[in-house]
Structures are given as C-alpha cells and as structure tokens.
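The values are calculated or read from the model by the stated rules, or taken from the named source; none is laboratory data. This is a predicted model, so every value here is computed, not measured. We place every Cβ from the backbone using ideal geometry, glycine too, and count neighbours over all the protein chains shown.
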Amino acid sequence: MSIGHVERLTQRVGRRAEAALARLSECRQAAARFLLYDETYPKMQKRAYSLGVAICEHGLIRSVCCITRKAKDIPAQLRDVVGTHFQPAYFLTDLDVLFNKYMKDADLALIHLRDRVHLIRQIVRLFDEAVRNVTLDVPKGLPIKERKKQRQLKRRLLRKRLRPMLALVFKAFSPGYEGLCVLMLEGAVTQLQDPTYIIQTTSVQTLARRLQRFIKKHSDAINLLLQLAVEEGTPTTTNALESKNGIFKPFSRIAKFFPVPERCQSFFASVSLMEDFDVKTRGPNQGTSAMQRARINLDDFGATDFFSAVGLPEPQISLA
C-alpha cells in the first residue's frame, strides 16, 4: 500500500469527520448545560500553536480546531460549537483570563465557571510565593552562607505556620463542605491577618491581600459551581477534558508531518469522532460511549457508528 493512498484516505476520512462533528449541535440529544474548553499543545507544525478542544459534560467531543490566531480562532470555534440542540448555560475552563474575553467575543452569554482543581492550585501557588519571598534582616558582616542558612530556617518556620491554613483550604473544597467553602476561605484570610496567630511579615501580608482579592473575584462562581455539583451532579473540574487531551498526544507524532494546520485539524477530527463512538471497557463510563451518554439522535446524525459516519466499510474482524 502506497504512502500517498494512506494520506489521501486519511484526509478524506478527516474531512468527513469534521463535517460529522459540525452536525452534532443540530442533532436532538440529552440536555447539555456545560461547555468545557481548553487548549492542548501536541507536537504539530510550527504555525499550529495549539489545538482547541470543546466537550460537554457527557464527555462528547464537539469540536477540535487548530489555533493559529487565538483572538480570532477561539471565538469562532466557540460560536460554531453552539447550535439548535446544544445551548449550554455554563462555560467551564481553567483560570486563563482570556477565556472570558473569547467567550464574549463569540457573542455567548454563558456563566463562566472555573475548574475547582485550578482554583486550589492557584491558592497553593500564593502560599508557596509567600514562603519563597520572605525577607530576613541580618546584621552586617554576616557571611553569605550564614545568611542563606538563616533565611532557610525562617522559610521552614513560616511554612510550618502556614500549613494548618493551607489544610483549611483543602478541607474547604472537599466533599461535604460545599456550602461553607467560601466562608472557610475567608476564615483563612482572617487568620493570616491576626498577628497573634502568625507573624505579620511582608510576604504574609501580601498573601492575605492576594487571597482576599482572589476570594472576592471568584466567590460567586465557586458557590454556584459547588451548588450545581451537589444538586444536579454537574462537573466541578475539566478532568474529562484533560483526559481527552491526553488521547491526542500519541497522534501528534503523525499529525506534525502534515504540511498545513487544516490537515492536522481534519486528522484530529477523525480521532475525536472515533473517541466519541468508543465504548469504554473500564472506569465510571464502562459499557457506554459518549454518543450514548449524550443520547445523540443517530437518525439526525445520519450514521450509527464511526465507520458509516466517515464512509468506511465496517472492518471484518474474526476473534478466531
């Protein structure tokens, strides 16, 4: 079999897969209220900087797009993924500040929620910076080695004092504390501002201010995210999306040889469509595919499996 035949077949399948993904939003389906979006960075050609991936809470990949101009490509992708039967109310992403702007540029009026794991990571990062940036007043003439030793001791002491507060943050985001999460975070700020509880170094004061600003910015979204998770079982993280991104990694070795981003995009569209039809053999979704969980009407979709969707003959596989 020639390489040219394989490439032509791959591109034909990819174009049909792209068309099939574009039909998803026009098919009758189960209610989907969440649009999860992220970028992944497979090893593609130089101009294809990233791959934008959009899924719903059912784990259905609804769109993939090679992003070469973020300010134009991401809003266009978000605009195209919404359709007659896919009208999400919530936009769940990581803490990238530009995602909110891209959503508004796409003329979507969704409630922007942030990933719970990324929220925790950001708070941990603030605590780490407070320890790392602690200052030390030492007498003149003290050798550099002794100065470093004293600063390390002060860092260890501060980290020990901050550890109970950081444990309170982890507890606030744990199951069973959804209604108290923001109150517990505010309690951690109060402890940071109490000189009887912790020494008021410059880095600790900065940590208190930054954490208070963080809570003010995200408190409403945190309360809504956790409330929806308790009442309706909706996702609080983009873990499902991260796992989809991991599926693309092995295929990036192939995609990087395509000369233009459009060919990479069609290639990843075929991978996405196959993943949508893939019936899982383990995990919480065992025995189902994303198409089944989303209850996509296959009559509207025009195909019952991946092979018929892209015009390929069904493989003849014998277990014997």
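Worth a mention:
Conditions (1) modelled with pLDDT of 90 or more; (2) closer than 19 Å to residue 26 by Cβ; (3) surrounded by 10 or more Cβ atoms within 10 Å (Cβ to Cβ); (4) aliphatic (A, V, I, L, M), marked per residue:
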position: 269; (1), (2), (3), (4): yes, yes, yes, yes
position: 279; (1), (2), (3), (4): yes, no, yes, yes
position: 286; (1), (2), (3), (4): yes, no, no, no
position: 291; (1), (2), (3), (4): yes, yes, yes, yes
position: 295; (1), (2), (3), (4): yes, yes, yes, no
position: 299; (1), (2), (3), (4): yes, yes, yes, no
position: 308; (1), (2), (3), (4): yes, yes, yes, no
position: 318; (1), (2), (3), (4): no, no, no, no
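- Residues that are of a type in the set (Lys, Arg) and in contact (Cβ under 8 Å) with a residue 60 or more places away in the chain, drawn from segment 281-301: 293, 295
- Within segment 45-66, being crowded, with 19+ Cβ neighbours inside 10 Å and over 16 Å from the mean Cα position of the chain (by Cα) holds for 48, 66.
- Of residues in segment 59-95 being charged (D, E, K, R) and either outside any loop (DSSP other than H, G, I, E, B) or touching a residue at least 40 places away in the same chain (Cβ under 8 Å) (or both), the one nearest to residue 278 (Cα to Cα): 62
- Any hit, segment 90-97, residues being closer than 20 Å to residue 245 by Cα and of a type in the set (A, V, I, L, M): yes
- Taking the numbered list (1) outside any helix (DSSP H, G or I); (2) surrounded by 14 or more Cβ atoms within 10 Å (Cβ to Cβ); (3) in the same structural domain as residue 217 (by TED's automatic domain parsing) in turn, residue 140 passes all entries but (2).
Residues checked against (1) in contact (Cβ under 8 Å) with a residue 24 or more places away in the chain; (2) of a type in the set (Val, Ile, Thr); (3) surrounded by 14 or more Cβ atoms within 10 Å (Cβ to Cβ); (4) in the same structural domain as residue 94 (by TED's automatic domain parsing):
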site	(1), (2), (3), (4)
125	no, no, no, no
147	no, no, no, no
152	no, no, no, no
162	yes, no, yes, no
166	yes, no, yes, no
184	no, no, yes, no
196	no, yes, no, no
202	yes, yes, no, no
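The rows are residues; the columns are (1) touching a strand residue (DSSP E or B) at 6+ places or on another chain (Cβ under 6 Å); (2) of a type in the set (Asp, Glu); (3) closer than 17 Å to residue 58 by Cβ.
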position	(1), (2), (3)
81	yes, no, yes
88	yes, no, yes
103	yes, no, no
106	no, no, no
111	yes, no, no
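- For segment 132-149, filtered to residues that are of a type outside the set (D, E, K, R) and at pLDDT below 80, the residue that is nearest to residue 202 (Cα to Cα) is 136.
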